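Structure first, then comments.
The values are calculated or read from the model by the stated rules, or taken from the named source; none is laboratory data. Bear in mind the structure is a predicted one, so any value in this text is a computation, not a measurement. Every residue, glycine among them, receives a Cβ derived from its backbone with ideal geometry; neighbour counts consider all protein chains shown.
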Amino acid sequence: MEQNYRIWSHKYDLSEINKKNYKHVLKEYFALKTSRITILAMLLALNVIFTLISKFLLGMLPIAGFLVVEITFFTILLTQLITNFFYSLIFLELTVWMRMMFTGTTPVELIAMNLVDGFFLIVFTLLIFLTKLFLVQKQLFKESKNFKIIVLIYVIASVIVVLLTAAFAVWMNDAFLLDMYGVDDSFKTSTMYWTIFGFNILKYSVNVIIFLMLYKVTIILINRYRF
């Protein structure tokens, strides 16, 4: 079967799946190749390094006395870009719960991080996928403009999902997380909720900016080494 790739130079994107190529696409999607294992190990090491920086360096500068900006989520986004949603979700779970072993993060903090980061990853991936799927089906991808189109998709999706995730974090804290932290009802004020909202916008904006700064070189590496 002649391969007609529209997004990548060497493989189908999941958004290109159809009745003719679905077996090939799914096989490629779930394949645990040596190159994929290697890049996941490298990203895991990068995540650990930035986890330690976030915990012990940025941890000295908490916002509102208890919120610390984590600069680790960009490694999750890189994992999603280089591999796919399936492996990035596994990577997310692994990196979140590994923190209990070497940073002393409490289970409640890990649950909060797991839920909010997971929400961002799921909504972000879904939005990117649906947009690509629409463009593929309408045959709007052109080789000379693919990079600019996809970058624009990522930027717009990032802005939308950052805001949605910040709102989700506020709702989740109000629903049960603040109670799990043992926060007294007298502290559950609009100021606290706006602080949580703003903090999450800051956290995810910083990580998205780092991710977008690394996007072009990551795409070059993916195509060169055929990840």
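Condition (residue is over 27 Å from Lys216 (Cα atoms), touching a Ser or Thr at 6+ places or on another chain (Cβ under 7 Å) and basic (Lys, Arg)) applied to segment 115-134: is it met by at least one residue?
No - not one qualifying residue is present in segment 115-134.
Considering only residues that are free of Cβ contacts under 8 Å to residues at least 40 places away in the same chain and surrounded by 12 or more Cβ atoms within 10 Å (Cβ to Cβ), look in segment 23-32 and name the one that is nearest to Phe102 (Cα to Cα).
That would be Glu28.
Any residue in segment 129-141 that's closer than 12 Å to Asp13 by Cα: show its pairings with residues that are basic (Lys, Arg) and surrounded by 11 or more Cβ atoms within 10 Å (Cβ to Cβ) at Cβ separation under 8 Å, as long as the two are six or more apart or on different chains.
Hits for this filter: Val136/Arg6.
Among the listed residues Val48, Val108, which satisfies the condition of being more than 18 Å from the chain's Cα centre (by Cα) and surrounded by fewer than 19 Cβ atoms within 10 Å (Cβ to Cβ)?
Val108
Scan (1) among the β-branched types (Val, Ile, Thr); (2) closer than 19 Å to Leu202 by Cα; (3) in contact (Cβ under 8 Å) with a residue 40 or more places away in the chain for the single condition Val68 breaks and write down its number.
(3)
If we keep just the residues of segment 211-225 that are among the hydrophobic types (A, V, I, L, M, F, W, C) and either farther than 16 Å from Asn146 by Cβ or in contact with a Gly (Cβ under 7 Å, 6 or more places away or on another chain) (or both), which is modelled with the lowest pLDDT?
By that ranking, first place goes to Leu221.
When the residues of segment 86-99 are filtered to those that are under 24 Å from Leu126 (Cβ atoms) and hydrophobic (A, V, I, L, M, F, W, C), which remaining residue is farthest from the chain's Cα centre (by Cα)?
Filtering segment 86-99 for residues that are under 24 Å from Leu126 (Cβ atoms) and hydrophobic (A, V, I, L, M, F, W, C), the one farthest from the chain's Cα centre (by Cα) comes out as Trp97.
Whether any residue in segment 144-159 is free of Cβ contacts under 8 Å to residues at least 12 places away in the same chain, over 16 Å from the mean Cα position of the chain (by Cα), under 30 Å from Asn18 (Cβ atoms) and not in a helix (DSSP H, G or I) is what I want to check. Spell out how you get there, then give the answer.
Going residue by residue through segment 144-159, those that are free of Cβ contacts under 8 Å to residues at least 12 places away in the same chain are 144-145, 148, 152, 156, 159.
Subset that is over 16 Å from the mean Cα position of the chain (by Cα): 144-145, 148, 152.
Pick out the ones that are also under 30 Å from Asn18 (Cβ atoms) and you get 144-145, 148, 152.
Then keep just the ones that are not in a helix (DSSP H, G or I); that gives 144-145.
Yes: one or more hits.
Being basic (Lys, Arg) and not in a loop (DSSP other than H, G, I, E, B) is the requirement here; does Lys11 meet it?
no
Tell me, which residue of segment 61-85 that is at pLDDT below 95 and among the aliphatic types (A, V, I, L, M) is nearest to the chain's Cα centre (by Cα)?
Looking at residues that are at pLDDT below 95 and among the aliphatic types (A, V, I, L, M), I get Ile71.
Say we look at segment 22-81 and pick out the residues that are in a loop (DSSP other than H, G, I, E, B) and of a type in the set (D, E, K, R); which of these is farthest from Tyr181 (Cα to Cα)?
Within segment 22-81, the match that is farthest from Tyr181 (Cα to Cα) is Lys33.
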